[in-house]
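The values are calculated or read from the model by the stated rules, or taken from the named source; none is laboratory data. Because the structure is predicted, anything quoted here is derived from the model rather than measured. Cβ placement follows ideal geometry from the backbone for every residue including glycine, while neighbour counts extend to all protein chains displayed. Calculation scope for accessible area: heavy atoms of the full protein, side chains included, ligands and nucleic acids excluded. Shrake-Rupley method; radii C 1.70, N 1.55, O 1.52, S 1.80 Å.
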2 protein chains.
Amino acid sequence: MLRAVQEVGYQVCLTTNVLDPGNPLLIEAGAPASCSRPRRMVVIDAAVAALYGDEIGNYFAFHDAEYHPLILDAAESHKRMESVHQVIDELDRFGIDRRREPLIAIGGGVLTDIASFAASIYRRNTPYVRVPTTLIGLVDAGVGAKTGVNHHRHKNRIGTYFPPTVSLCDRRFLATLDHRHIVNGMAEILKIALVKDVRLFELLEESGADLVRDRFQPRYDGRSAEEVLERAIEGMLEELAPNLWEHKLERLVDYGHTFSPTLEMRALPELLHGEAVAIDMALTTLLGAQRGQVTDADAVRVLALMRTLGLPTSHPLCEPELLTAALRETVRHRDGRQRMPLPVGIGGARFVDDLSAAELTRAAKSLSAEAVHA
Amino acid sequence: MLRAVQEVGYQVCLTTNVLDPGNPLLIEAGAPASCSRPRRMVVIDAAVAALYGDEIGNYFAFHDAEYHPLILDAAESHKRMESVHQVIDELDRFGIDRRREPLIAIGGGVLTDIASFAASIYRRNTPYVRVPTTLIGLVDAGVGAKTGVNHHRHKNRIGTYFPPTVSLCDRRFLATLDHRHIVNGMAEILKIALVKDVRLFELLEESGADLVRDRFQPRYDGRSAEEVLERAIEGMLEELAPNLWEHKLERLVDYGHTFSPTLEMRALPELLHGEAVAIDMALTTLLGAQRGQVTDADAVRVLALMRTLGLPTSHPLCEPELLTAALRETVRHRDGRQRMPLPVGIGGARFVDDLSAAELTRAAKSLSAEAVHA
């Protein structure tokens, strides 16, 4: 019997103006102090390159670094092994010195999933630095350890757990993100609030609508933007740290992810990920209310906040049949049990295994009635 | 800053007749006790399938398991991403339940490297059981955690560290392995003896030639075969356990692997891996002797044992120029320093960073003179 222990550590830094030449974080991230000229290969989302390509180039020029960009189309349809090979072949061409020259990935979740998967398998691991540019990247995909691509219509069928050396989270990128994708990211922030952080929920009630409208670029000071992002990221990291490789199947961060995967796939391409998650959370809030775990007043508060943020709370596809099929699929993924986080009040949750079809049908009915009344 | 700790454990079992239906190890390995009918996908080396295919099928039939074989050509030229995709597509077709149905890989190092890489990236990890069928697999590749394939003529350019749940080591497969591959595996056993186990060295002196001749299938009892395999595997595991992810670059098991990678590639396809390693060890034994770390008598003993085992001790390509280039390449892989294990007597070694070109030239000359005298 061989036993070995691996300690993994990574940093998530909230910073602003990561592309400002005066900000040394990006050039220093993950690299040992060295007297030789720095070299960096940087994988950039095509949409990001169009907006920030010059700034990125100027940043590395200012730091006198050899700059080797690779621009990738990061549409969901490009999230496949061919794109991983593009990154690998470019790493070969660049001749990366993987102990001194971390790969840098700048983009949304699809881009960073592709680039980080390539890094994880290149020479059995090549350190990388992640710069998420979407809200969902800042608070969710961009701060975790999962990498991967789709394969034959299966989502993330191929991948690894391989955390970045550093994630640099800069809300300035959100200034150019479209409204719908801001709202989309809000769903994952709300998720953390609902399962573990009532203070975050209150912050969203106070200033969530402003943050959406201003794309987290507040006019006067950035205090509420910072506080919301910080709490969302910290809450996420607290849940990830003891369970980075997901050996434990009862995960609070799976809240909103019981019914939404099936809903998202069936509704394709109508719903964004966060939108499907929001509908799942609306439904499970009602399930919690039916069981008396959530007061009716709190359930109303939750649904009201969703609407304030611009998130959907129901969908015509949310019929008992789809919900039952979705639950069955989730049970399969969770090794035979529901392990479903169900809210307890606002800011708490517990796991249940005994949700019945009758409860689901009742909640689905209330939800569509809700939608009519709203 | 997020810190997470992963504990990895895997078993290496020495067994005999792993395909005997009376031996429950293979069907039980890595699977939870279950009342449902077992299902197993088994990736098999084509060369192994030709010899043992029926036995493997019978084994799973006896245990009333749904048996889903995938036979792969495991020549070095097939050690590439295409083969990994073959395994992945078959995992999809089979519809593996990865928490209950470990993938099984039966074959030499190339086969198990391909199959274990596929397992490591399929759904971010799918447990697997390894059954090495070559001597080098039993004592080296088959008991470690490395997976991978070649890419654009770069050896193991893409891969992961992903140990099996269980390695089942059965020397019975060696009965059908050709003589040269038995000798090839002997080099890795000798390596462990030279750097850390003088008792193993003595065992090889006593019975190494018999073991090679009898392919580890001794006529009366298997004691020396068992003892040699056990000591070699245990020695290997002792070195791997504290350094499974190779963060530490000073590795005793790199002995014989300073000059041999370049030699092996330049001499292709003439030299097998173990043969190149043997030549490297002969050279470094002389380097140790030049420095007074190894007595002349011990150096003679080492070279004599190599010849007894049928291993080469020199090669016409072993000229100062190639050796210097090889050392430069190794220094690059070891982050700028030689970190070369150099023998201290028999059964010990220490790391050096200061090997000079003059020493190399002198050792290379002695080695070719040796070859002439031998």
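Figure legend. Inter-residue proximity from region B:83-94: first residues more than 10 Å from chain A (Cβ to nearest Cβ), second residues part of a helix (DSSP H, G or I) and at pLDDT 95 or above, beta-carbon distance below 8 Å, spacing 6+ or different chains. Indicated pairs: B:Ser83/B:Ile114; B:Val87/B:Ile114; B:Val87/B:Ala115; B:Val87/B:Ala118; B:Val87/B:Ala119. In region A:226-241, of all residues being among the hydrophobic types (A, V, I, L, M, F, W, C) and within 16 Å of A:Ile136 (Cβ to Cβ), the one that is farthest from the other protein chains (Cβ to nearest Cβ) corresponds to A:Val228.
Taking first residues from region A:30-51 that are more than 21 Å from A:Ser77 (Cα to Cα) and partners that are assigned to a helix (DSSP H, G or I) and among the charged types (D, E, K, R), the Cβ contacts under 8 Å between residues at least 6 apart in sequence or on separate chains come to A:Met41/A:Glu90. Looking for something assigned to a helix (DSSP H, G or I), at pLDDT 95 or above and among the hydroxyl-bearing types (Ser, Thr, Tyr) - is there at least one such residue anywhere in region A:329-341? There is no residue in region A:329-341 that is assigned to a helix (DSSP H, G or I), at pLDDT 95 or above and among the hydroxyl-bearing types (Ser, Thr, Tyr). Among residues of region B:190-202 that are under 15 Å from B:Ala299 (Cβ atoms), those with a Cβ under 8 angstrom from a residue that is of a type in the set (S, T, N, Q) and open to solvent by less than 10 Å² (accessible area, probe 1.4 Å), sequence gap 6+ or separate chain, pair up as B:Leu194/B:Thr285.
If we keep just the residues of region A:18-34 that are loosely packed, with under 13 Cβ neighbours inside 10 Å and at pLDDT below 95, which is farthest from the other protein chains (Cβ to nearest Cβ)? Out of the qualifying residues, it is A:Ala33. Only one of the numbered conditions (1) in contact with a Pro (Cβ under 8 Å, 6 or more places away or on another chain); (2) at pLDDT below 95; (3) of a type outside the set (S, T, N, Q) is violated by A:Ala276, and that is (2). Listed by position, the helices (runs of 4 or more DSSP H) enclosed by region B:37-150 that each have at least 3 residues that are small (Gly, Ala, Ser) and open to solvent by less than 10 Å² (accessible area, probe 1.4 Å) are B:109-121.
The number of residues in region A:226-258 that are modelled with pLDDT of 95 or more and aromatic (Phe, Trp, Tyr) comes to 1. If you check A:Leu360, A:Leu263 for being open to solvent by less than 20 Å² (accessible area, probe 1.4 Å), more than 25 Å from the chain's Cα centre (by Cα) and not aromatic (Phe, Trp, Tyr), only one passes: A:Leu360. Residues of region A:266-275 that are assigned to a helix (DSSP H, G or I) and open to solvent by 60 Å² or more (accessible area, probe 1.4 Å): A:Arg266 alone. Restricting attention to region A:203-236, the residues being open to solvent by less than 30 Å² (accessible area, probe 1.4 Å) and in contact (Cβ under 8 Å) with a residue 60 or more places away in the chain number 9. Restricting attention to region A:290-323, the residues that are outside any loop (DSSP other than H, G, I, E, B) and open to solvent by less than 20 Å² (accessible area, probe 1.4 Å) total 8.
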